[in-house]
Amino acid sequence: MAATSPALRSHLPAQRLLGEIKLTGRLMADNAVASWLPGVTFTAAACAHHDIGGWPLARHLVISGLLFGLFAYIFDTSNQAKGAVEDAVNKPYRPVPAALTTPSGLLRRFWIAMAAYGLLGWATGTLMWVALWQAIVIGLHLLVRPGHYLLVKPVPLLAGTVAQLAAAWQLAGPVDATGWRWILVLAIAFNVPLRFEDVRDVDGDRRLGRITLPMVIGHWPVRLWFAASMIAFPVVVYLLLVAPAF
């Protein structure tokens, strides 16, 4: 067996790190804005509500960034570990279709991240919301069959959005009546048009055995529902959240 040169050995950790960064970038590219940014932004809003500024604000935002990075990571690793057949058709740049890892490799990363996410939730006082999200991800991606996707998906994702926003607020302080009003309105408003994302994935979903709303009623009704929801969203937010503050 040939020995590895010291120079080559010294580069292996760096190569592995770069490879993991590349893999993670492809893993989370589609959902980072929707799953990471709202949590951090909502923590900033909660800090403003609780009059937190300066270095404490910076500390809260760093912790929020880590917490919601793991929030997104466990969703994407479990989803893509079980959805490689769909991704091969719809998103071939993702890690498994691109041969950067295997489904079992993603699941190993998932369980490691689950442990880190749970520890961070315990350390930050958000464990209840972290545990709720962990249960949702396990149920939705590892237990539910693809054929039940249409009926099962809406409620867990609504609960997951509540868990996300409640954890984000609780990093800054207790979730009071103002916090709950914002959490519930935004969670419902975000999930009402969410079925639009299934329009792009019909071919891959069909191959995986999923049944989605565009398959049942066609893509045009879903598109029109999405457009109507987006038009109504600013009005609803203003009437229910902004106007009462004045």
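Bear in mind these aren't lab numbers, they're just calculated from the coordinates by the rules spelled out. None of these values were measured; they are calculated from a predicted model. Please note: Cβ atoms are built from the backbone with ideal geometry, for glycine as well, and neighbour counts cover all protein chains shown.
Condition (residue is of a type in the set (S, T, N, Q) and within 30 Å of A84 (Cβ to Cβ)) applied to region 228-240: is it met by at least one residue? No, every residue in region 228-240 fails to be of a type in the set (S, T, N, Q) and within 30 Å of A84 (Cβ to Cβ). When P56 is tested against the conditions (1) closer than 29 Å to V175 by Cα; (2) crowded, with 17+ Cβ neighbours inside 10 Å, the lone failure is (2). Pull up region 100-115, narrow it to residues that are out of contact with any helix residue (DSSP H, G or I) (no Cβ under 6 Å at 6 or more places or on another chain) and within 30 Å of P56 (Cα to Cα), then point me to the one that is surrounded by the most Cβ atoms within 10 Å (Cβ to Cβ). Going through the qualifying residues, I end up with I112.
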